[in-house]
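To keep things clear, I will list the structure first and then write my remarks on it.
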Amino acid sequence: MTQFIVNGQDVTLDIDPDTPLLWALRDDLHLTGTKFGCGVAQCGACTVMLNGMPRRSCVTPLSMVEGGEVTTIEGMTGPEIEAVKQAWVAIDVPQCGWCQSGQIMSATALLQQSATAPTDADIDAAMAGNVCRCATYVRIRAAIHDAARTLEL
Amino acid sequence: MRIAIIVAAATLTSPLSAQELRGPEFFESIADEGERSAALFTEMGEVLTHPRCVNCHPVTGGPTQGDDMRPHSPPVIRGEADFGAAAMNCNTCHSAENVDFTSAPGSIPGHEPWMLAPVSMGWQGVSLRGICEQIKDPGRNGGKTLEALWEHNAHDGLVGWGWDPGEGREPAPGSQEIFGELTRAWIDTGAVCPE
Ligand code: FES
Ligand code: FES
């Protein structure tokens, strides 16, 4: 039995504690906004928040989230995600969309952790683990700058 | 050409095996204490210069990975706390334990804590003598006395990870126990650095 909180709700899962959190989110809890890209911490598509920090759910066994708090793209709230959402729509960031929930989670985490507007270097460092096969990187960077302006960082 | 391919294939598929590390008793026959001390450190160097250790002791920038010590993938930076960038720190992927991949062979390494050695403790490309001088210098070794250094080498968990590196990685030579014994003997013989 693994007990934890997902998007503010108590969850109890009776599955193998070695199961990656990503599997549990998608297959058991049907939260399919979080994507599988590689399964080996190389692409960032599976990024969620674990206790407020970005975390690759494909390399996070359920045993590790016992008693913890997980937030997926479906459950994100607050000024940073709102600013990111607005910027993403305004600039039309996604192409195929597969990587985008992971991109948005990392971008939001960066803005949550930034006291001042992130520089290009800050953005590159924070987003280096989020791969986009459609190469939307230029728009992602522009959208993060845009969201930082909205947040008056 | 065919031989080269066969050799390459054999290398790829051969099982990983721990290399040997000789304990202090092997060096007892060296009569001169200073020479013995330097020889003990040279043996410690088998561990200190092993990729399991050196990959996270870069002299600048970010870590390397693998036995060929290629740049870390995905690209990561050292960051102010030797712990990566905002929103992309070590714990974004690494955790308190080695985690086997579910959808591929291998594992992602982990330990609590998991972080880079500070720049002052960088070893990549440094000679063994240079590493030795640095490791003894409290100004560069995190303020450690030789006793504290022994404690660190013999018992620190992150040092010990080198011998328990997870599926798909060759452990450092020998064991942490032997490494600790070598460190003890090296200190007790004057902590001499090899030429
Ligand atoms: S699916 Fe987790 S990093 Fe690619
Ligand atoms: S939008 Fe297609 S993978 Fe990023």
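The values are calculated or read from the model by the stated rules, or taken from the named source; none is laboratory data. A quick note: this is a predicted structure, and the numbers were derived from the prediction, not measured. For neighbour counting, all protein chains shown are included, and Cβ atoms are generated from backbone atoms with ideal geometry for every residue, glycine included. Heads up: the accessible areas ignore ligands, DNA and RNA and are worked out on the full protein's heavy atoms, side chains in. Shrake-Rupley method; radii C 1.70, N 1.55, O 1.52, S 1.80 Å.
Side notes on the structure shown:
- Selection from B:Ser37, A:Ser63, A:Val11 lying farthest towards where the dipole of the protein assembly as shown points positive, charges on Cβ: A:Val11
- Near the amide H of B:Ser107, within less than 5 Å, lie the amide hydrogens of B:Phe101, all on another chain or at least 5 residues away, with H placed in the peptide plane.
- Per residue, the accessible area of region A:79-150 comes to 45 Å², computed with a 1.4 Å probe over protein heavy atoms only.
- Candidates per GluC sites (Glu not before Pro) in region A:1-88, loop by DSSP, up to 13 other Cβ within 10 Å: A:Glu66
- Cross-link partners for B:Lys136 among the aspartates and glutamates, with Cα-Cα distance under 14 Å and sequence neighbours closer than 8 places in the same chain left out: B:Glu147, B:Glu151, B:Asp188.
- Coordinate range along principal axes, alpha carbons of the protein assembly as shown, Å, largest first: 76, 50, 42
- In this calculation the C-beta distance from A:Asp10 to B:Arg140 is compared with R0 = 45 Å, giving a FRET efficiency of 0.35.
- Region B:114-189: relative contact order in percent, alpha carbon pairs under 8 Å with at least 6 residues between: 23
- With a simple spin-label model that places each label point 7 Å from the Cα along the Cα-to-Cβ direction, the separation between B:Ser120 and B:Glu20 comes to 3.8 nm.
- Taken per residue, the accessible surface of region A:2-75 reaches 40 Å², heavy atoms only and a 1.4 Å probe.
- Peptide-level mean, for B:93-106, of C-beta atoms on other protein chains within 10 Å: 5
- Within 10 Å of each Cβ in A:115-122, the average number of Cβ atoms from other chains: 1
- Using the 1.4 Å probe convention, the accessible area of region B:21-188 works out to 45 Å² per residue with neighbouring protein chains retained.
- Rounded to the nearest Hz, the phi-derived 3J(HN,Hα) couplings of region A:122-127 under the Karplus curve 6.51 cos²θ - 1.76 cosθ + 1.60 (θ = phi - 60°) are 4, 5, 4, 5, 6, 9, where x marks glycine and proline.
- Taking all Cα pairs closer than 8 Å and separated by 6 or more residues, the relative contact order of chain B comes to 31 percent.
- Eligible aspartates and glutamates near A:Lys85 by straight Cα distance, threshold 15 Å, same-chain separation 8 or greater: A:Glu74, A:Asp146
- Using a simple spin-label model with pseudo-atoms 7 Å out from Cα toward Cβ, A:Lys85 and A:Asn51 lie 2.8 nm apart.
- Inter-label distance, A:Asp28 to B:Arg129: 5.9 nm, where each label sits 7 Å from its Cα along the C-beta direction.
- Derived scalar couplings between HN and Hα for region A:54-64 equal x, 8, 7, 6, 6, 10, 10, x, 3, 4, 7 Hz in order, rounded to whole Hz, by the Karplus curve 6.51 cos²θ - 1.76 cosθ + 1.60 (θ = phi - 60°), x for Gly and Pro.
- Carbon/sulfur fraction of accessible area - region B:147-195, other protein chains in place, 1.4 Å, %: 51
- Restricting the calculation to Cα atoms, chain A yields a radius of gyration followed by a Dmax of 15.2, 45 Å.
- Per-residue HN-Hα couplings for region A:72-77 [Karplus 6.51, -1.76, 1.60; θ = phi - 60°; Hz; x = Gly/Pro]: 9, 4, 5, x, 6, 9
- Contact order normalised by residue count of region A:83-136, Cα under 8 Å, 6+ apart, percent: 45
- For region A:79-150, the carbon plus sulfur part of the accessible surface works out to 56%, probe radius 1.4 Å.
- In chain B, helices alone account for a calculated mean residue ellipticity at 222 nm of -10500 deg cm²/dmol, with every DSSP H run of four or more residues adding -39,500 (n - 2.57).
- Accessible area buried at the B-A interface, both sides summed, 1.4 Å probe (Å², nearest 100): 1700
- For region B:74-195, alpha-carbon Rg and Dmax in angstrom: 16.2, 51
- The candidates B:Thr102, A:Thr34, arranged from most to least accessible area with a 1.4 Å probe in the full protein assembly, appear as B:Thr102, A:Thr34.
- Unpartnered cysteines - no second Cys beta carbon under 4.7 Å - across chain B: B:Cys53, B:Cys56, B:Cys90, B:Cys93
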